[in-house]
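S.K.: Mind having a look at this structure? Questions to follow.
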Amino acid sequence: MITLHRLGHQVDPFQINPDVIVTVEATPDTVLTIVNGQKIVVAEPPERVADEISNYRSTILAEALLRRHELREERGQLRRVVPLRKQSAAAYAIHAVGEPEQTA
């Protein structure tokens, strides 16, 4: 959840799940539109709302990766990370044989 401040007669802090935010508009106040169509006017500028959402998602991802590492460590399943890209044919031939293939 991220903490924002509702704009109104008094600045009222509230927390919102960034996954329900559809759009963030500056008209001149910042207006959030959420998935059910409701609009919320907030005191923060759109750039700050975007930064808060980015920080929130980065934190969630980092915590998930740390937790996965801890679980693997507990189970004794730590292993080397395998690259996501496939090796090229030449690199595969070098790896499989041990030496690059030579052409005549």
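Since every read-out is calculated from the coordinates, none of them should be taken as a lab result. Here the structure is a predicted model, which means the values were calculated and not measured. Cβ sites come from the backbone with ideal geometry, for glycine too, and all protein chains shown count toward neighbours.
S.K.: The range 2-75: D in µm²/s via Stokes-Einstein (Kirkwood Rh, Cα pairs, 37 °C, 0.692 mPa s)?
M.R.: 238 µm²/s
S.K.: Related question: With r defined as the distance between the Cβ atoms of Phe14 and Arg72 and R0 fixed at 35 Å, what FRET efficiency is calculated, to the nearest 0.05?
M.R.: Efficiency computed from Cβ-Cβ geometry: 0.40.
S.K.: Name the residues of the range 8-44 whose amide N is less than 13 Å from a point 7 angstrom out from the Cα of Asp51 along the C-beta direction?
M.R.: 44
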